[in-house]
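The values are calculated or read from the model by the stated rules, or taken from the named source; none is laboratory data. The model shown is predicted, which means the values in this text are computed figures rather than measured ones. Heads up, the Cβs are rebuilt from the backbone with ideal geometry, glycines too, and the neighbour counts pull from every protein chain shown.
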Amino acid sequence: MNPSNYRAPAWLPGSHAQTIWPLLIKGPLPAYRRERWETPDGDFVDLDWVDGKPGAPCLALFHGLEGSSRSHYARRLMRAAGKQGWHGVVIHFRGCSGEANRLARAYHSGDSAEIDWILRRLKAAGHPLLFAAGVSLGGNALLKWAAELGDTPDSPVHAIAAVSVPLDLAAANEALSTGFNLVYARHFLRTLIPAAQAKHQRFPGHFNLRRALASRTLRDFDDAVTAPLHGFAGADDYYARSSSGPLLGAIRLPTLLLHALNDPFLPPAALPRPEQLPAAVRLELLAQGGHVGFVHGTPPGQLDWMPARVIAHFVGNLPDATRVR
């Protein structure tokens, strides 16, 4: 798949339609197999697997804000991995698998330490041909991890892909605080606020519940809940320390960065220029596609273009001895 061959359908014009429509055509759930891992700090993460052929590569997916293995992009990526005969696994961030996590902390956009532990455990569990993809929030955390890894020779993965990433968290949250974009913010807040309320009942004193309940934007919520739960001084500190955009120059892993210029979650001005990126990072900017949309074809449309592009990137980075000729 080449970015030049993507065409957004004329019947689905505009960034919002291209972002929202995929939520309505998710497609069937793969036949997941769930596995639970205990974390070193006494919590747990749930993984949903699509099992592939013995010895086949493994595609690990880190989902977006309030996402899961049920998200449309997760369904499509896992089905694409399955069609290749690969193993696929959706790693649920803490609290996103349908069961509240055990600790006061939850998950956040810069949780690269968690990603490092998960990827290294996957490799140690028998997946030496490992690739990682991240979507939106998960993509930001994955890119941050890759930048912190730098040129360290013991990477557990061969390549990564990041799709529709809010590279500048402050700019993204500003974009989601006005106009029609507030629809997206309120969509997320409908699950974030009740989860915070439940967490406060179990762990009182970790954040100000009154401020959490009064949140009208994602920045309000991050300032009231996400930041104090995860050791940040506030939303500004959280965004500054967690944004992957300023760190991209340190990435040495083969990386696909896929983004639509009409993505309503991030202003185009916040995107890097190709000359600012290292040779390892391939930036593919599409004129249209929305946020994790990339619908194509006749109505009701198809969602297989993005998964195929991601798989093609990973196939191109398989070790020579493992490639099918």
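Test ALA146 against the stated conditions and say whether it is at pLDDT 95 or above, touching a strand residue (DSSP E or B) at 6+ places or on another chain (Cβ under 9 Å) and not in a helix (DSSP H, G or I). Explain how you work it out, then say what you get.
Working: at pLDDT 95 or above: yes; touching a strand residue (DSSP E or B) at 6+ places or on another chain (Cβ under 9 Å): yes; not in a helix (DSSP H, G or I): no.
So ALA146 does not fit the description; no.
When SER164 is evaluated against the numbered criteria (1) on the phi < 0 side of the Ramachandran plot; (2) at pLDDT 95 or above, which criterion, by number, is the only one it fails?
The number of the failed condition is (1).
Among the listed residues GLY98, GLY110, which satisfies the condition of being in the same structural domain as ALA56 (by TED's automatic domain parsing) and surrounded by fewer than 17 Cβ atoms within 10 Å (Cβ to Cβ)?
GLY98
Checking the condition in contact with a strand residue (DSSP E or B) (Cβ under 9 Å, 6 or more places away or on another chain) and at pLDDT below 95, which residue from PRO268, PRO274, PRO254 passes?
From the options PRO268, PRO274, PRO254, the qualifying one is PRO274.
Which condition from (1) in contact (Cβ under 8 Å) with a residue 40 or more places away in the chain; (2) surrounded by fewer than 16 Cβ atoms within 10 Å (Cβ to Cβ); (3) not small (Gly, Ala, Ser) is the one that LYS53 breaks?
The one condition LYS53 does not meet is (1).
Which condition number does GLY126 fail, the rest of (1) buried (at least 18 other Cβ atoms within 10 Å of the Cβ); (2) under 25 Å from GLY88 (Cβ atoms) being met?
(1)
Could you say which residue among GLY14, GLY110, GLY98 is farther than 26 Å from PRO267 by Cβ and modelled with pLDDT of 95 or more? Full working, then the answer.
Values: GLY14 fails: farther than 26 Å from PRO267 by Cβ; GLY110 fails: farther than 26 Å from PRO267 by Cβ.
Checking each option against the conditions leaves just GLY98.
Where residues in segment 273-305 are acidic (Asp, Glu) and touching a residue at least 24 places away in the same chain (Cβ under 8 Å), which of them is farthest from PRO13 (Cα to Cα)? Steps first, answer last, please.
Restricting attention to segment 273-305, the residues satisfying the condition of being acidic (Asp, Glu) are 275, 284, 304.
From the residues that got through so far, the ones that are touching a residue at least 24 places away in the same chain (Cβ under 8 Å) too are 284, 304.
Details: GLU284: 21, ASP304: 18 Å.
Top of the filtered list is GLU284.
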